[in-house]
Amino acid sequence: MKQTTTSIPGVPDAFVSKFGRHVSGILCGLDRVRFRATLRMLFQPEIFECYLLRQGVLMKDFKAFALGMTERVKQMASEAAVAAGRPTRYLRSSAESKEELARTIARQDGIKEGLVVVFSTLEPCLSYTVRGNRETKKLEMVLQPSRCTHLYHYFIHPQFGLMHVRVQTWFPFTVDVCLNGRHWLGRQMDAAGLRYEQRGNCFVRVSDPIRAQALLDEQLKSDWPKLLDALLDQAHPLHAELARPSGQRYYWSASQTEYATDVMFRSPGQLAALYPQWLHHGIRTFASTDVLRFLGQRCAARFCGDIATTLKHRPEGVRIKHMVNGNSLKMYDKEGQVLRVETTIVNPRHFRVYRASESSPQGKNQWLRMRSGISDLHRRAEISRASNGRYLSALASVTDKTPLHQAAAPACRAVTIDGQRYRALNPWVEDGPMLEAISGGEFALNGIRNRDLRRLLYPTTSDPDQKRRQAAAITRKLALLRAHGLIKKVTGTHRWLLTDNGRRVVTALLAARNADVDQLSQLAA
């Protein structure tokens with residue numbers, strides 16, 4: 001097979017140049033994705049009451065009306081299974097692996113395409129019930145956590161491969177579509193005539209990784225409404241009738257996206273030799289500010305939320321997971337031969353997208369909060385790819401076997417540029433706080449300003465004259481860092497970003513600066 005490690009967007013050159021000799025290819029793209037279809041207006045109880053009035057349904061008759069709709073949904077699913085000659089099966093426990101059961105049924109029955117099975121199971125959901133209001137002495141609709149039957153339609157889709165559509169069988173009849181980008185890629189490579197070796201939902205070898213990457217990128221250009229509406233027609237044919245009284249269609253959003261960067265190693269032994277080092281540094285070295293930086297989050301000093309790192313031993317290996325407000329970044333080894341770094345986005349509102357406002361679609365683009373809708377799916381992929389890349393870059397820097405004195409030597413010597421002499425850095429005392437400030441995760445995307453550094457380095461200053469002197473001192477230090485090649489100016493702004501070399505050197509210096517005597521003694525032993 002032809003193997004290549006040609007760099008691709010989102011994979012840092014520092015990682016490729018250091019470990020490329022062990023790598024047969026790199027793939028960046030969607031892994032598991034869950035889309036959700038909702039009748040959004042029906043999630044507001046007051047509007048839902050109007051919906052029932054349009055249907056001519058009194059509040060006291062809601063239960064009978066809802067039961068009738070539920071039975072029709074179930075009946076249509078049963079008829080579709082019978083027409084396709086496929087089984088329906090009730091699962092007593094929702095914890096059973098439905099995907100493995102569906103895969104087994106497909107293998108036993110020789111199903112290559114089409115409906116495989118319809119599972120039904122009782123699961124938690126948001127659903128409506130009627131409740132009396134003691135103050136108003138009236139009945140009212142209440143949307144609350146409950147449990148109801150869900151139908152899982154498993155298909156071997158001609159484009160997506162094995163996937164499923166989950167239909168809630170009670171108002172507001174939410175629908176979820178779950179597919180896997182790696183299964184989809186397998187179908188694409190089959191059509192393109194590419195050779196590959198697939199294990200589970202990852203590839204350990206691909207004959208042409210560059211062409212495979214191009215196919216992964218094509219996935220993001222899909223006509224999502226058209227593809228998803230076709231699945232909705234197939235698994236939930238009652239959707240148009242349910243939507244008609246509200247005057248709207250089912251709205252598609254991406255409720256969860258997993259975007260994985262897979263580094264395929266030439267042999268399991270090469271990955272096995274490196275992976276323990278990455279785990280060690282991930283759990284011991286990456287602080288909360290690093291996790292924020294990886295996921296492109298805002299200032300740690302103003303951050304409101306939870307940051308956690310966990311280590312989990314799985315049957316196939318060890319996984320490290322960093323979590324920030326429901327979003328996560330994971331690293332684990334797949335099939336003993338693939339290093340996977342994966343960003344999962346559940347709460348997109350913590351990220352920004354450059355777009356026009358919904359209230360002024362023809363207006364000027366600006367950085368606004370990311371939406372859950374599928375229109376921002378491409379931006380999700382950009383953010384996730386960058387997040388994975390920052391993590392790989394950090395792995396490349398913290399596992400550097402270059403002696404610290406060699407990596408830091410250029411920055412710890414005076415330099416002269418255009419006749420101007422700049423002193424050597426002193427990371428242990430004088431310049432340490434400055435280096436920690438500029439490496440903060442909150443500044444990884446947009447850069448850091450003089451005012452940001454003043455806030456971090458001199459938080460209690462209130463005297464205007466003193467503030468001016470401090471601003472001038474920081475300007476001189478920024479010029480010093482720039483002269484040593486550690487930072488660069490963001491064109492057209494007053495912001496500064498760490499260079500790739502600056503990130504590597506600063507990470508190494510800060511790791512050594514923050515290490516205690518026992519840690520250094522163990523390394524020297």
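Among GLY200, TRP184, PHE43, whose Cα projects farthest towards the positive end of the dipole of the chain, with charges put on the beta-carbon of Lys, Arg (+1) and Asp, Glu (-1)?
Projecting each Cα onto the dipole axis, the largest value belongs to PHE43.
For the ranges 332-340, 144-152, 188-196, what's the packing order if you count other beta-carbon atoms within 10 Å of each residue, average per peptide, and put the highest first?
With the highest mean Cβ count within 10 Å placed first, the list reads 332-340, 144-152, 188-196.
Obtain the nm distance between the two label points defined at CYS50 and ARG134 by a simple spin-label model: each point lies 7 Å from its Cα along the Cα-to-C-beta direction.
Between CYS50 and ARG134, the simple spin-label model gives 3.1 nm.
So which lysines pass the test for LYS488, namely a Cα distance under 20 Å, with those fewer than 8 places away in the same chain ruled out?
LYS477
Is there a pair in LYS74/LYS226; LYS63/LYS137; LYS63/LYS138; LYS98/LYS321 whose C-alpha atoms are over 21 Å apart, and which pairs would that be?
Among LYS74/LYS226; LYS63/LYS137; LYS63/LYS138; LYS98/LYS321, the Cα-Cα distance tops 21 Å for LYS74/LYS226; LYS98/LYS321.
Just how many % of Cα pairs in the stretch 51-153 lie over 25 Å apart, if you round to the nearest whole percent?
In whole percent, the long-distance tail amounts to 39.
With charges set only on the Cβ (+1 for Lys and Arg, -1 for Asp and Glu), what does the dipole of the chain come to about its Cα centre, in debye to the nearest 20?
On the way: 77 positive and 48 negative charges, 229 e Å.
That gives a dipole near 1100 debye.
Under 11 Å from a label point 7 Å along Cα→Cβ of LEU238: give me every residue in the stretch 30-73 with its amide N that close.
Only 65-73 fall inside the zone, counting backbone N under 11 Å.
Using r as the Cβ-Cβ distance of PHE65 and ALA230, and R0 as 35 Å, what FRET efficiency do you calculate, to the nearest 0.05?
0.75
Set the Förster distance to 56 Å, then compute FRET efficiency between TYR458 and GLU358 from the Cβ-Cβ distance, nearest 0.05.
0.85
In debye to the nearest 20, how big a dipole does the stretch 336-395 give about its Cα centre with +1 on each Lys and Arg Cβ and -1 on each Asp and Glu Cβ? Don't jump to the answer; show the numbers that get you there.
Values: 11 positive and 4 negative charges, 27 e Å.
Computed about the Cα centre, the dipole is about 140 debye.
Which of the listed residues, ALA254, VAL506, SER359, is farthest toward the dipole's positive end in the chain, when Lys, Arg count +1 and Asp, Glu count -1 at the beta-carbon?
Result: VAL506, furthest along the dipole toward the positive end.
Mean Kyte-Doolittle of at least -0.5 plus a Cα span of 15 Å or more along the axis: flag which DSSP H helices in the chain meet both, please.
Working: long enough: 62-84 (33 Å, 0.41); 98-109 (16 Å, -1.31); 181-192 (16 Å, -0.97); 209-219 (16 Å, -0.40); 224-235 (17 Å, 0.16); 268-284 (24 Å, -0.27); 377-398 (32 Å, -0.26); 464-483 (29 Å, -0.68); 500-514 (21 Å, -0.25).
Flagged H segments are 62-84, 209-219, 224-235, 268-284, 377-398, 500-514.
Using only alpha carbon pairs under 8 Å that are at least six residues apart, calculate the relative contact order of the chain and give it in whole percent.
Working: 872 pairs, mean separation 76.6, N = 525.
About 15 percent, as a whole number.
How far apart, in nanometres, would the label points at GLU197 and SER93 be if each is projected 7 angstrom from Cα along the Cα-to-Cβ direction?
Between GLU197 and SER93, the label points sit 3.5 nm apart.
By how many nm would the segment from ARG72 to ALA84 grow when fully extended, if each residue of separation counts as 0.36 nm and the alpha-carbon distance is taken off?
2.5 nm
Given the convex hull over the Cα atoms of the stretch 1-103, what projected area results after averaging over all orientations, in nm²? Provide the component values of the computation, followed by the final result.
Working: hull surface 55.8 nm².
About 13.9 nm², averaged over all directions.
What ranking do 121-132, 200-211 get when scored by the average of other Cβ atoms within 10 Å per residue, highest first?
200-211, 121-132
With each run of n ≥ 4 DSSP H residues scored as -39500 (n - 2.57), what mean residue ellipticity at 222 nm is computed for the chain after dividing by its residue count and rounding to the nearest 500 deg cm²/dmol?
Only helices count here, giving -12000 deg cm²/dmol.
Evaluated at 25 °C with a viscosity of 0.890 mPa s, what Stokes-Einstein diffusion coefficient in µm²/s does the chain have when Rh comes from the Kirkwood expression over alpha-carbon pairs?
Stokes-Einstein gives a translational diffusion coefficient of 93 µm²/s.
Among THR70, GLY447, MET434, flag the residue with its Cα farthest along the positive direction of the charge dipole of the chain, charges on Cβ as +1 for Lys/Arg and -1 for Asp/Glu.
MET434
What is the distance in Å between the Cα centroid of the stretch 18-40 and that of the stretch 90-164?
25 Å
Quick note: the coordinates plus some simple rules give every number you see, no bench work behind them. This one's a predicted model, so the numbers in the text were calculated from it and none came from an experiment. Cβ: placed from backbone, ideal geometry, glycine included. Neighbour counts: every protein chain shown.
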